[in-house]
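FYI, it's all coordinate maths here, none of it is from the lab. Computed from a predicted structure; not experimentally measured. Note that we place each Cβ from the backbone using ideal geometry, even for glycine, and neighbour counts take in every protein chain shown.
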Amino acid sequence: MSHPNGMEGATIPMWIEDIVMHKGAEATVTSGSWLGKSAVLKLRSPRGYRTPKLDKKLTRQRLSVEARVLGRLQLDNFPSPSLYDLDLDNGWILISRFEGKPLYDSLNEDLNSLEKIKKFGKLIRKLHEFGISHGDLTTHNVLIDKYDNLHLIDFGLARIFPELEHLGLDLQVLNECLTSSHSEYENAVDIMLSGYSESDSKLPDIISASEVISRFNEIRGRVRYHA
Amino acid sequence: MSNFTTVENKRLHVYRKELDFKGIPLSGFMGGVVLGIESTAHTLSFGMVDLDGKVSDSYSNLFRPEEGGIHPREAADYHCSQVSNLLNGVTNSEMFKQNNVEAIAFSQGPGLGPCLRVGASIARTLSKSWDIPLIGVNHCIAHIEIGRNQTGCIDPVLLYVSGGNTQVIAKSREKYRVMGETLDIGIGNMLDKFARNQGLPFPGGPKIEKLASEFTNNLDYEDKLIDLPYGVQGMDMGFSGMLTAAQRRVLAGDSLESISWSLQEHAFASCIEVAERAMAHTGKTELLLGGGVACNSRIREMAQIMCEERGATAYWPEKKFCIDNGTMIAELGRLLHNVGFKTSLEDSSINPMLRTDHTKVIWD
């Protein structure tokens, strides 16, 4: 069994590796199986450009927040991976696999996908109502299957008990992604926001969708040279 | 002329007087050049690029505030006082003497209004008195194009790190788009502010780099990293929290060397991380550094390591083309001139908020 990036010799219990699916900026993602279940291994290999102490701190921080968030989301049946196993020292996390492709690809392949963007907006609201901010909402971090079911991944920058600012930032990060990578959808951001507001449960003690959107608009005004 | 402000008219008048000494350059020489004028903030600079893309050095002057940060109007007044000197340098240069100036390019934005107006007024004046086309260009995109000219990269992700700007830019569907950026202050601004508060004069970046590199002479320096906030929010960054925390550590008695090093490590790592994420997101395999902070050898080293680890290539131009310079404006002007683009006098107003994705990329 060989592992990408210096994991040779390390054994992960019950894990049978298949192929490297994706080499992202943060982690190498490998598919395989764990106790017969279809699974994904996310290995956060050390980033050589970061000084080791900072690298270790960030890797640990992000792995543990991801594990905690996934555990919490499982309790609420939120469409996100199940946590199987993790190793903070060696920097990996083993999670369930979802059969789907990034929304990024889906939006590029079928240019009539506004409905999917709206659905994504709704899903984000649901996440926020569970008291979690994602921290890195891009169209690569949400998977979509052939029935248009969405599945949110990559919670390394997430926060439990976020402040209003973090919820607003989630929308801002997605706004930049939609306007820079999916500029063919002219009103993508508005559609996403309409989905976000529509699924507001209006429960007391929860930061309302309109509060988050108005903070988002404030943050949007902070970037350089906005219209 | 209707949208010139009164201030611009006054300034224009001053320049006319100053520029009368030269008039139209002699014709009948071999090639052509585009003259570029940069004046978005601290730097007033002139540079030339010939029609084949061969560049000249820039003739530049840097405004250094006596105390505090940049005051736009004071910078603009200072730039005005330097125009004759710099233009004399340009017009006495071999490249100028041996070529016809075919077009005048200037930074139309983004930047500080009063400073931008200085460059724009000189450009309009020269264009009118030499009767050659005027080309208004986007300052941020000029950083990309001089980088492409100098390094030969083709379709890079640009990590643009300067005093006022910290952006990750990539081309998609005929426009350069901002994939991520700072949500508070620019990285160079953060470094300058930190330096200024420690009594180090502007520009502070090189001084911090020196202190940081002195710190790395210590044997176990890597264990002495001071913990600072790490401001990455998805594709966006923030540096003000880092700055506040670093200043507190000064008060707490940590050495300036150790804080400078830790500050660089945290700030640069967040930029490189976002740049890497943009490369993963777009599938691009070239990284280009630009902006004054790209002169720092540690951020260059980090860019190199990151790219090597993911099988990509990092590029950066020489320092003189990382900082703001007139040559980069000339280079983007040349590319636009080649496809017949010109800016009419009516459309030549400056735009301090000019967006990167406002410009359609109509050149190769």
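Computed values, structure above
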read-out	value
Largest-first principal axis extents of the Cα set of the stretch A:101-226 (Å)	39, 36, 27
Sum of -39500 (n - 2.57) over DSSP H runs of 4+, divided by residues of chain B (222 nm, nearest 500)	-14000 deg cm²/dmol
Cβ charges +1 (Lys, Arg) and -1 (Asp, Glu), total dipole of the stretch B:197-298, debye	320
Value in Å of the Kirkwood radius, where chain A supplies the Cα pairs that are averaged	18.5
Karplus (6.51, -1.76, 1.60) ³J(HN,Hα), θ = phi - 60°, over the stretch B:311-318, in Hz, Gly and Pro reported as x	x, 10, 10, 9, 10, 8, x, 4
Among A:ASN187, A:ILE213, A:CYS177 the positive-end extreme of the charge dipole of the stretch A:101-226 (Cβ point charges)	A:ILE213
Cβ-based net charge around A:PRO204, under 15 Å, with every Lys or Arg adding one and every Asp or Glu removing one	-3
Chain A: DSSP helices with Cα axial extent of at least 30 Å and average Kyte-Doolittle hydropathy no lower than -1.0	A:52-75
Cα-centre dipole for chain B with unit charges at Cβ (Lys and Arg positive, Asp and Glu negative), debye to 20	1000
Among A:THR11, A:PRO46, A:TYR84 the positive-end extreme of the charge dipole of the stretch A:8-149 (Cβ point charges)	A:PRO46
Inter-part distance where the stretch B:149-191 and the stretch A:11-74 are each reduced to a Cα centre, Å	29
Average other protein chain Cβ within 10 Å of Cβ, residues B:233-241	5
Spatially proximal lysines relative to B:LYS342 (Cα-Cα < 23 Å; intrachain offsets below 8 disregarded)	B:LYS54, B:LYS128, B:LYS171, B:LYS175, B:LYS360
Calculated log₁₀ intensity ratio I(q)/I(0) where the Debye formula runs over C-alpha points of the stretch A:15-96, q = 0.23 Å⁻¹	-1.13
Nearest-ten-degree value, helix B:297-309 long axis tilted from longest Cα axis of chain B	80
Test item: A:38-49 mean partner chain Cβ contacts at 10 Å	3
Cα coordinate range in the protein assembly as shown, projected on the principal axes (Å, largest first)	84, 59, 48
Within the protein assembly as shown: Cβ-based charge dipole about Cα centre, in debye rounded to nearest 20 (Lys, Arg +1; Asp, Glu -1)	800
For the stretch B:39-83 versus the stretch A:125-193, the gap between their alpha-carbon centres in whole angstrom	41
Burial ranking of peptide ranges B:80-91, B:289-300, B:33-44 (average Cβ count within 10 Å, highest at the top)	B:33-44, B:289-300, B:80-91
Average partner coverage of B:267-274, which counts Cβ from other chains inside 10 Å	3
For chain B, built as a Gaussian network whose Cα springs stay under 10 Å, the top-fluctuating residue of B:GLY238, B:GLY69, B:GLY333	B:GLY69
Cα long-axis angle, helix B:256-282 against chain B (0 to 90 degrees, to the nearest 10)	70
Spherically averaged projected area of chain B from its Cα convex hull (nm²)	18.2
Under the Karplus curve 6.51 cos²θ - 1.76 cosθ + 1.60, θ = phi - 60°, whole-Hz ³J(HN,Hα) for the stretch B:107-116, x wherever Gly or Pro sits	6, 8, x, x, x, 7, x, x, 5, 4
Ordering of A:114-120, A:207-213 by packing [mean C-beta count within 10 Å, highest first]	A:114-120, A:207-213
Over chain B, relative contact order from alpha-carbon pairs under 8 Å, at least 6 apart, %	25
Selection from B:ILE259, B:PRO352, B:ASN338 lying farthest towards where the dipole of the stretch B:218-364 points positive, charges on Cβ	B:ASN338
For peptides A:98-107, B:304-313, sequence by mean Cβ density within 10 Å, most packed first	A:98-107, B:304-313
Residue pairs, from the table A:LYS56/A:LYS101; B:LYS210/B:LYS320; A:LYS53/B:LYS284, whose Cα atoms sit over 25 Å apart	A:LYS56/A:LYS101; A:LYS53/B:LYS284
Value of [θ]222 nm, deg cm²/dmol, for chain A, DSSP H segments ≥ 4, -39500 (n - 2.57) each, nearest 500	-12500 deg cm²/dmol
Among beta bridges that DSSP assigns inside chain B, antiparallel share in %, nearest 5	55
Under 5 Å, built H, 5+ apart or other chain: amide partners of B:ARG177	B:ALA170, B:LYS171, B:SER172
Overall form of the stretch B:47-166 per C-alpha gyration tensor (a/c, 1.5; a/b vs b/c)	oblate
Amide H contacts of A:ILE144 (H built 1.01 Å from N, under 5 Å, at least 5 apart or other chain)	A:LYS101, A:LEU103
Long-range HN-HN contacts of B:ASN99 with modeled amide H, under 5 Å	none
Beta bridges by DSSP in the protein assembly as shown, antiparallel share as percent, to the nearest 5	75
Degrees separating the helix B:72-91 axis from the principal Cα axis of chain B, which is the longest one	60
